[in-house]
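Worksheet: the structure to be examined is printed underneath.
The values are calculated or read from the model by the stated rules, or taken from the named source; none is laboratory data. This is a predicted model, so every value here is computed, not measured. Cβ placement follows ideal geometry from the backbone for every residue including glycine, while neighbour counts extend to all protein chains displayed. Only protein heavy atoms, including side chains, enter the accessible area calculation; ligands, DNA and RNA are left aside. Shrake-Rupley method; radii C 1.70, N 1.55, O 1.52, S 1.80 Å.
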Amino acid sequence: MKVCTFCNSIQNPSLKFQSFLLIFSATLLICLTESKLQTPPLILPLRTQQIPSGSLPKSPNRLPFHHNVTLTVTVAVGTPPQNVSMVIDTGSELSWLHCNKTRDYNNTFDPTQSTSYSPVPCSSATCTNRTRDLTIPASCDSNKLCHAMLSYADASSSEGNLAADKFYIGSSGIPGLVFGCMDSTFSSNSDEDAKTTGLMGMNRGSLSFVSQMGFSKFSYCISGSNFSGLLLLGDSNFSWIAPLNYTPLIQISTPLPYFDRVAYTVQLEGIKVSDKLLPIPKSVFIPDHTGAGQTMIDSGTQFTFLLGPAYTALRTEFLNQTSGILKVSDDPNFVFQGAMDLCYWVPQGQPKLPPLPSVSLMFRGAEMKVSDTRLLYRVPDQAKGNDSLHCFTFGNSDLLGVEAYVIGHHHQQNVWMEFDLRNSRIGLAEVQCDLAGQIFGLTV
């Protein structure tokens, strides 16, 4: 998820980080049970297939699902349908597409070719009332259309007009979904962003995809072995896969400058390395009077980032427990992605990493355990002799200027993540996500 910025402060402390693209075969499962579709439960097995935008007359039944800094899925928009690839982002509200005026991008949506496309006037209730949770208020352009501007902590930005059009999920079309038709964008990593057509906002804001569709629950599961994935939309009960432990969503009704009220905010209460609970005061994990210090679950961020005091304690203990096991990089000038400063040299011929101490994030009522290959990430194009560079997959939020704890999707691998909006909670369970796909009769 990207961090929106406003008035030189970060009101939505979420972020999107740069990384090279790793495309993987995957299965995307969509379960529609209570949305605007008003249909019986629908389960669609969807597999990876690269489909150029606009190449098919209807929505494809094979969806690309990418896994790196982002998780993406291809849907269809407009009449006739145009295929678009969208980042699934639980940290953003407004869904948006690169429109045909964005000449720097090959993957675009052309509103002039859609007979169901309808721009949103700035006098409409959608523009005046439903944009209240956007960090930068919507405005009125010279054509009296609703104008939106999004800016992010990685210096990228996007702006354009709000519009409504028909979105296709599988074979079902949902008319009138509001999104941003962006004709001006700037990205700090344009090569990667050009590979997608836009972003699907999945947070709790009134204009998010899940809010507009009326879903009260959705879930996803990302495999750590073969990179398969499942996405379930709807209020079906799949708790039989594994018992879920729930942590409540934290809500603050009073607007605060650093608190994102529509993010999936939970309460982090402690961190363990192996079985050792780190001596971090619980006050470190509680948002202060400005809202700084919230903990967000974010599918749009790759790794996990902790505020300085918690990160320092974790880094110190992990370094102590890996002493003699791994060779620490001694380059003080190398900081991966601007926030990850604990790296190791690992022999390239070594078939697997040595046993590593696990890291457990302890939430109120639930725990997320990070172990094995999820703890270290091999940095592309970084080698010394016969060694490759691997960095600790937790970073320091302070180095990014982000006043929040952000739990990225790399640490959500092989964890069933259920977002229960009706009961304001998130459920977690350790599962083998590739096996979960087999349970549903899906093959990768």
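Structure notes:
- In the set 126, 108, only one residue is under 19 Å from residue 213 (Cβ atoms) and open to solvent by 20 Å² or more (accessible area, probe 1.4 Å); that residue is 126.
- Residue 390 being outside any strand (DSSP E or B) and under 27 Å from residue 321 (Cα atoms): no
- Only one entry of 399, 342 meets the criterion of being modelled with pLDDT of 95 or more and either under 23 Å from residue 282 (Cα atoms) or buried (at least 21 other Cβ atoms within 10 Å of the Cβ) (or both), and that entry is 342.
- Scanning segment 243-257 for residues that are open to solvent by 70 Å² or more (accessible area, probe 1.4 Å) and in contact (Cβ under 8 Å) with a residue 24 or more places away in the chain returns 243, 245, 251.
- Search result, residues across segment 82-91 that are open to solvent by 10 Å² or more (accessible area, probe 1.4 Å) and modelled with pLDDT of 90 or more: 82
- Listed by first and then second residue, the pairs with beta-carbon distance under 6 Å, at least 6 apart or on different chains, first residue in segment 418-435 and at pLDDT 95 or above, second acidic (Asp, Glu) and part of a helix (DSSP H, G or I), form an empty list.
- Strands (runs of 3 or more DSSP E) wholly inside segment 292-385 containing at least 2 residues that are under 26 Å from the mean Cα position of the chain (by Cα): 294-297, 304-306, 359-363, 366-370, 376-384
- Set side by side, the residues 379, 359 differ, and just one is modelled with pLDDT under 95 and closer than 20 Å to residue 413 by Cα, which is 379.
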